[in-house]
1. What is the one condition in (1) part of a loop (DSSP other than H, G, I, E, B); (2) open to solvent by less than 40 Å² (accessible area, probe 1.4 Å); (3) not assigned by TED's automatic domain parsing to the domain that holds E295 that R60 does not satisfy?
2. Inspect all residues belonging to segment 180-201 and state whether any of them is within 12 Å of the chain's Cα centre (by Cα), surrounded by 21 or more Cβ atoms within 10 Å (Cβ to Cβ), within 12 Å of the ligand (Cβ to nearest atom) and touching a residue at least 40 places away in the same chain (Cβ under 8 Å).
3. Looking for whichever is over 29 Å from A106 (Cβ atoms) and in contact (Cβ under 8 Å) with a residue 24 or more places away in the chain here; the options are I76, I33. Which one fits?
4. Conditions: (1) within 16 Å of the ligand (Cβ to nearest atom); (2) assigned by TED's automatic domain parsing to the domain that holds E78. P223 meets all but one. Number of the miss?
5. Please specify each residue of segment 293-344 satisfying the condition of being surrounded by fewer than 15 Cβ atoms within 10 Å (Cβ to Cβ) and aliphatic (A, V, I, L, M).
6. Restricting to strands (runs of 3 or more DSSP E) lying wholly in segment 84-144: which have 2 or more residues that are open to solvent by 20 Å² or more (accessible area, probe 1.4 Å)?
7. Considering only residues of segment 158-179 that are more than 25 Å from F330 (Cβ to Cβ) and open to solvent by 50 Å² or more (accessible area, probe 1.4 Å), which is farthest from the ligand (Cβ to nearest atom)?
Amino acid sequence: MQFSANVEKLKPSATIAVSTLAKKLAAEGRDIINLSAGEPDFDTPAFISDAAIQGIRDGRTRYTPPAGIPELRSAIAERLSERSGRKMESDGVVVTAGAKQALFNALFTLFGPGDEVMVAAPYWTTYPDLIRIARAEPVEVFGDQTNDFKITPADLDQHVTDSTRGLIINTPCNPTGAVYSVEELTGLAEWCRDRGVWLLSDEIYRNIHHAGDGAAPGILSVPAESLGPYVLIDGASKSFAMTGWRIGFTYADAEVTRKFSALQSQITSNSATPSQVAALAAFSDTDAADASLAEMGEAFTRRRDLVCRLMGELLPGVPFIEPGGAFYLFFCVEGFFDDGVTNATEWCSRLLQKQGVALVPGAAFGDDRWVRMSFATSDEIIEQALSRISSSVRAASVG
Ligand code: PLP
């Protein structure tokens, strides 16, 4: 069948094979530990859900302006002003149906045929596909493993061409958990500014930061004069355990923001009104929000410590990135390849079949020698999963 050029390069998600198999095995009654999910295991904090329920009872169930209810845009701008120490305007905010739509709006508005968009790699699986939907070309830029795969201006120099129009970074990073420092972000921002390249920064995991000094730095921590054209992408999904509510946002220059809003007005209109009312509570009741972020953050950091300790004990010598943020552990399984298993996709399938543990193969993130394990689950499940992985590796090495 003939499809349009819009989707001709679209690939099915690399994660589908493992997750389909995981579901099939679980349906057959197998004991499956599924660590492939990209979402917090907590319920949405009650003060947020209660606000939505009250909003529905109060009749807040109709269309809103495409860019979002004005109070929510203002609350987000206020939080961003605190983040940056400078005045951020509500007319720079568009509330979207999840950070994914925020990324779509930005990529589809800013790039098109003939444009190259650099993607810091390993990358969240959706970026290259969204760039292709805009019919632009994704260009993978890998950072060095010794730098937790974070990219530097020198890495960008090796991939820049006359067609380079944008760069996407993600901090804290899915899948590595790496966190860029303010200095590193400033270097990247200045590199983009000097070349008129759009900098898109996806900071959806910024509140899940294990350094114990508040949220991770982001592009608004960079001095204003170092920033050229940029779009900040963020949302409520990961910070407030709100993945199903579908609330993300962009922050950008007001003129660009009007284009994002016009695009969205023709596609989804506004994100769901009760979800916006819920997000209004999350972004304006700062005491309750801080308490929830602290509680969930503490659990994620404890699990991060546990998973790193268990890697040392159960899988000694296996390279992994110590996550500074988010809730993923990215580790290298190349040392376990053999005649029958030559990439992480096959390794993950075998692990799932034999040990009942579902991980995401690195093919989804640009490097199929690595795998991603989510630690957004209980300590017991993390322990069980790593001990099953360790048994599987030992069984494979003895034949
Ligand atoms: N950006 C990154 C790096 C993600 O990992 C995800 C979800 O996994 C998203 C964006 C999408 O977030 P949302 O659920 O708000 O669309």
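1. R60 satisfies every listed condition except (2).
2. No, because not a single residue in segment 180-201 is within 12 Å of the chain's Cα centre (by Cα), surrounded by 21 or more Cβ atoms within 10 Å (Cβ to Cβ), within 12 Å of the ligand (Cβ to nearest atom) and touching a residue at least 40 places away in the same chain (Cβ under 8 Å).
3. I33
4. (1)
5. A294
6. Qualifying strands (runs of 3 or more DSSP E): 137-142.
7. Restricting to residues being more than 25 Å from F330 (Cβ to Cβ) and open to solvent by 50 Å² or more (accessible area, probe 1.4 Å), the top hit is D162.
Yes or no, residue by residue, for (1) of a type outside the set (A, V, I, L, M); (2) in contact with a Gly (Cβ under 8 Å, 6 or more places away or on another chain); (3) assigned to a loop (DSSP other than H, G, I, E, B):
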site: T257; (1), (2), (3): yes, yes, no
site: S261; (1), (2), (3): yes, no, no
site: R309; (1), (2), (3): yes, no, no
site: G317; (1), (2), (3): yes, yes, yes
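The values are calculated or read from the model by the stated rules, or taken from the named source; none is laboratory data. Predicted model only: the values in this text are computed from it and were never measured. Heads up, the Cβs are rebuilt from the backbone with ideal geometry, glycines too, and the neighbour counts pull from every protein chain shown. The area values use the complete protein model at the heavy-atom level, side chains included, leaving out ligands, DNA and RNA. Shrake-Rupley method; radii C 1.70, N 1.55, O 1.52, S 1.80 Å.
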